Amino acid sequence: MKKERSTLMRHAALGILAFFAVSGQVRAADTNLGNQLPPSQLTIGNTFANSVGQFNDNYLFSIPAASTDSITSTISLGSIFGINSLQTSLYGGTNVVSGIPSGTLMATSNLLSFNGAGWTASSAIINPIMLTAGNYILHVSGNISGTSGGSYTGILNIVAVPEASEWAMILAGFGLIGFIANRRKHHAGFSAS
């Protein structure tokens, strides 16, 4: 009887410890978006149910030389459903250790917040940045503050970088337009005399 009680108490203690270990755990999800050719507009997001804690989501992708930007948003409904401390970062590389990218930090987000009666909306914005061909990770992190969970959604834009030959054609076109405009102006002045 004493032995059964001791075993029961040990199992109960282990169950309680496991519950507290899981409830404060950091959540991490890695999603491979694969090779992306510009122009691409990729939707990202995650929903967390019935949990309070920190999360680190990583979106891995490969691109040729391109310009990229991102906007990720969440709406918090008081203590019921929400995420606070939303942040996005862009890293070069493919390595993720314990939910955190270990590559070169390329850009971090600026946070824009709006408040209303009983709600808060936040957007983490990464401004356009030119990237060389390679592998990258868009890292999204925050704290799930709602007792019923929280969610975020966002867009990753990838736009082609004009090639040097394209720039040369654009400049030549502007030069030609300027030459024609100057010539018309010069000829209009002679015919009026």
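The values are calculated or read from the model by the stated rules, or taken from the named source; none is laboratory data. These figures come from a predicted structure and were not determined experimentally. Because the Cβ atoms are built from the backbone with ideal geometry, glycine has one as well, and the counts that use them run over all protein chains shown. To get the accessible areas, we keep the full protein, side chains included, count just its heavy atoms, and leave off ligands, DNA and RNA. Shrake-Rupley method; radii C 1.70, N 1.55, O 1.52, S 1.80 Å.
Other residues within the sphere of radius under 14 Å centred on the Cβ of THR47, judged by their own Cβ, net out at 0 (K and R +1, D and E -1). The order of MET106, MET130 by accessible area, most exposed first and with a 1.4 Å probe, is MET130, MET106. Residue-wise HN-Hα couplings along the stretch 51-67, as the Karplus relation 6.51 cos²θ - 1.76 cosθ + 1.60 with θ = phi - 60° gives them from phi, are 8, 10, x, 9, 9, 9, 10, 10, 10, 8, 8, 10, 9, x, 3, 7, 9 Hz; Gly and Pro carry x.
Tally Lys and Arg at +1 and Asp and Glu at -1 over the other residues with C-beta under 14 Å from the C-beta of LEU176: what net charge comes out?
Working: positive: ARG183, ARG184; negative: none.
Result for the neighbourhood of LEU176: +2.
Spatially, the stretch 74-121 and the stretch 36-69 are offset by 11 Å when compared through their Cα centroids.
Computed extension length for SER113-ILE125: 3.2 nm, one decimal, from 0.36 nm per residue of separation with the Cα-Cα distance subtracted. Taking label points 7 Å from Cα along the Cα-to-Cβ direction, SER148 and ASN50 give a separation of 1.3 nm.
Amide H contacts for THR31 (H built 1.01 Å from N in the peptide plane; partners 5 or more residues away or on another chain; cut-off under 5 Å): ASN58, TYR59, LEU60. Relative contact order of the stretch 43-193, taken over Cα pairs closer than 8 Å and 6 or more residues apart, is 38 percent. Other residues within the sphere of radius under 12 Å centred on the Cβ of LEU138, judged by their own Cβ, net out at -3 (K and R +1, D and E -1).
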